[in-house]
Amino acid sequence: MQAAFALYRERGFEQTTVADIAKRAGLTERTFFRHFADKREVLFAGADALRELLVSTVAEAPASLAPIDAAAAGLEAAGALIQEGREHAHQRQAIIAASAELQERELIKLASLASALAEALRRRGVDEPAASLTAEAGIAVFKVAFERWVDDTGRQELPRLIRESLEQLKAVTAGR
């Protein structure tokens, strides 16, 4: 991953090959492909673990929580996981921002998280369209908070920014 990130920053994502990454890392291309399906997946490794954490946290949230608050619990847990790798996340985001192909892949990842979140809410008994609306709103909150976090020089914590963004959304929808 470190070799790929360095090359993406030096040459750009599009100009970097798997052969380049493997050579920089001191590996064979075959070894690279044992760990990653393609060079994009270096940037998206961990998405499954993030989705599982989000879903399991929503499932384990108290039944008394409103759907948006159960979703927020999952998003905050995901944010805490991402928080652990702040520098990695910052570098990753800069690489993605420089490539339309990677931006598209990031949107697909976010859509997948929204689908998983909606399904977790449905399993809690939330009907449609409330489950889908809550999940989409939650992912929007997460996206805005994540962008603030990556750009923040004050080093605020991502879960805190998620909570603040959710409170702002609640205030806007309540007409405050």
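Taking the conditions exactly as written (under 21 Å from Phe44 (Cα atoms) and either in a helix (DSSP H, G or I) or not β-branched (Val, Ile, Thr) (or both)), does Ser64 satisfy them or not?
Values: under 21 Å from Phe44 (Cα atoms): no; either in a helix (DSSP H, G or I) or not β-branched (Val, Ile, Thr) (or both): yes.
No.
Among Glu76, Glu128, which is assigned by TED's automatic domain parsing to the domain that holds Ser56, of a type outside the set (A, V, I, L, M, F, W, C) and either surrounded by 20 or more Cβ atoms within 10 Å (Cβ to Cβ) or touching a His at 6+ places or on another chain (Cβ under 9 Å) (or both)?
Working: Glu128 fails: either surrounded by 20 or more Cβ atoms within 10 Å (Cβ to Cβ) or touching a His at 6+ places or on another chain (Cβ under 9 Å) (or both).
From the options Glu76, Glu128, the qualifying one is Glu76.
Results for (1) surrounded by fewer than 17 Cβ atoms within 10 Å (Cβ to Cβ); (2) under 16 Å from the mean Cα position of the chain (by Cα); (3) not assigned by TED's automatic domain parsing to the domain that holds Leu54; (4) not in a helix (DSSP H, G or I), shown as yes or no for each residue.
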| residue | (1), (2), (3), (4) |
| --- | --- |
| Glu87 | yes, yes, no, no |
| Leu121 | no, no, no, no |
| Ala135 | no, yes, no, no |
| Val141 | no, yes, no, no |
Under the condition of being touching a helix residue (DSSP H, G or I) at 6+ places or on another chain (Cβ under 9 Å) and in a loop (DSSP other than H, G, I, E, B), which residue from region 153-176 is modelled with the lowest pLDDT? Arg176
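A quick yes/no check of all residues on (1) more than 22 Å from Arg51 (Cβ to Cβ); (2) hydroxyl-bearing (Ser, Thr, Tyr); (3) touching a residue at least 40 places away in the same chain (Cβ under 8 Å):
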site: Lys109; (1), (2), (3): no, no, yes
site: Ala114; (1), (2), (3): no, no, no
site: Arg122; (1), (2), (3): no, no, no
site: Val141; (1), (2), (3): no, no, yes
site: Leu161; (1), (2), (3): no, no, yes
site: Ser165; (1), (2), (3): no, yes, no
Of (1) touching a residue at least 12 places away in the same chain (Cβ under 8 Å); (2) within 24 Å of Ala66 (Cα to Cα); (3) part of a helix (DSSP H, G or I), Val150 fails just (2)
Conditions (1) closer than 30 Å to Leu7 by Cα; (2) surrounded by 15 or more Cβ atoms within 10 Å (Cβ to Cβ) -> Leu166 fails only (1)
Could you list, in sequence order, the residues of region 76-126 that are of a type in the set (A, V, I, L, M, F, W, C) and within 20 Å of Ala3 (Cβ to Cβ)? Ala89, Ala94, Ile95, Ile96, Ala98, Leu102
Within region 1-18, restricting to residues that are surrounded by fewer than 18 Cβ atoms within 10 Å (Cβ to Cβ) and of a type in the set (S, T, N, Q), the one that is nearest to Glu29 (Cα to Cα) is Thr17
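The values are calculated or read from the model by the stated rules, or taken from the named source; none is laboratory data. What you are looking at is a predicted structure, and each value in this text was computed from that prediction instead of being measured. So basically every Cβ, Gly included, is an ideal-geometry build from the backbone, and we count neighbours across all protein chains shown.
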